[in-house]
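Chemist: Quick one: this structure, given as structure tokens, is what I'll be asking you about.
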Amino acid sequence: MPSPVLLLWSLLSTVVAGTCTFTFLQPFWFVHHDLTHAFGLVAYCYVVNPSAQGKETCSAYGGTFRLGHVPSGAWQAACVLYGAGCALACLGALLSLGSACIPGYCRRKVTRVAGYVQTVSVLIMIAGLLIFPLGLGSKFSRHYCGDGAAAYHSGHCLIGWSYMLGIMGTALSIFCPFLSQFTDMKAADIFN
């Protein structure tokens with residue numbers, strides 16, 4: 001039977017990978033204070049007719065997703081970094097789930113590799129989260145968030161729930177590499 005730490009690690013790895021991937025796709029990283037515009041890594045939203053309670057429309061930058069359509073170089077870098085971190089987090093989650101199904105003598109090697117993958121994932125996602133606000137100084141951001149928008153200063157825009165969820169998911173993912181090192185602990189070792 002798998003140890004409780006292995007089960008907790010697998011569960012946390014899966015939840016974190018799902019959360020970060022969901023966050024990556026959401027367009028609500030920064031939101032205009034009157035809720036007429038929202039911006040994310042791969043998409044943005046806008047209200048068609050705000051004075052008449054118009055419908056919100058969301059799409060990828062440029063209509064279809066291409067990295068070159070993302071309006072800021074910092075946002076492009078954040079997109080690549082955070083997206084790669086999410087992909088590695090998903091790989092770490094698959095390895096953690098798979099390690100519960102393999103014999104004990106191979107499990108240690110798989111959990112060690114998964115821990116390294118998750119460590120790289122965390123570092124890359126942190127870099128993406130820190131780089132994204134640098135794009136607030138772009139011409140695109142100043143158009144929608146006001147002339148006061150600059151790197152790490154959002155002007156008339158506010159931090160959105162997607163960005164906060166990304167921060168929380170990345171913060172939780174920090175525990176995954178540590179848990180991967182203790183997956184061979186038995187319940188008797190923990191509770192005694």
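Chemist: What are the residues in the stretch 64-95 that are among the hydroxyl-bearing types (Ser, Thr, Tyr) and closer than 18 Å to residue 123 by Cβ, if any?
Modeler: 82 - this is the single residue of the stretch 64-95 that is among the hydroxyl-bearing types (Ser, Thr, Tyr) and closer than 18 Å to residue 123 by Cβ.
Chemist: Among the residues of the stretch 62-118, which ones are of a type in the set (S, T, N, Q) and either outside any loop (DSSP other than H, G, I, E, B) or free of Cβ contacts under 8 Å to residues at least 24 places away in the same chain (or both)? Walk me through it before giving the result.
Modeler: Taking the stretch 62-118 and keeping what is of a type in the set (S, T, N, Q), we get 64, 72, 76, 96, 99, 111, 118.
Selection gives 64, 76, 96, 99, 111, 118.
Chemist: Output the residue which, of all residues in the stretch 94-129 that are under 14 Å from the mean Cα position of the chain (by Cα) and small (Gly, Ala, Ser), is surrounded by the most Cβ atoms within 10 Å (Cβ to Cβ).
Modeler: Out of the qualifying residues, it is 121.
Chemist: Within the stretch 19-41, can you find the residues that are open to solvent by 40 Å² or more (accessible area, probe 1.4 Å) and either in a helix (DSSP H, G or I) or over 27 Å from residue 63 (Cα atoms) (or both)?
Modeler: 21, 22, 25
Chemist: Which ones in the stretch 130-157 are in a helix (DSSP H, G or I) and crowded, with 19+ Cβ neighbours inside 10 Å?
Modeler: Within the stretch 130-157, the subset in a helix (DSSP H, G or I) is 130-137, 139-145.
Within the stretch 130-157, 131, 132, 133, 135, 136, 141, 144, 145 qualify.
Chemist: Still on this structure: Since residue 86 meets every condition but one in (1) surrounded by fewer than 20 Cβ atoms within 10 Å (Cβ to Cβ); (2) under 19 Å from residue 12 (Cβ atoms); (3) under 14 Å from the mean Cα position of the chain (by Cα), which condition does it not meet?
Modeler: The number of the failed condition is (1).
Chemist: Residue 14 - would you say it is touching a helix residue (DSSP H, G or I) at 6+ places or on another chain (Cβ under 8 Å), open to solvent by 50 Å² or more (accessible area, probe 1.4 Å), polar (S, T, N, Q) and under 30 Å from residue 99 (Cβ atoms)?
Modeler: Details: touching a helix residue (DSSP H, G or I) at 6+ places or on another chain (Cβ under 8 Å): yes; open to solvent by 50 Å² or more (accessible area, probe 1.4 Å): yes; polar (S, T, N, Q): yes; under 30 Å from residue 99 (Cβ atoms): yes.
Yes, satisfied.
The values are calculated or read from the model by the stated rules, or taken from the named source; none is laboratory data. Predicted model, so just to flag it, every value in this text is computed and none were measured. Because the Cβ atoms are built from the backbone with ideal geometry, glycine has one as well, and the counts that use them run over all protein chains shown. When the accessible area is computed, the model is the full protein with side chains, heavy atoms only, and any ligands, DNA or RNA have been set aside. Shrake-Rupley method; radii C 1.70, N 1.55, O 1.52, S 1.80 Å.
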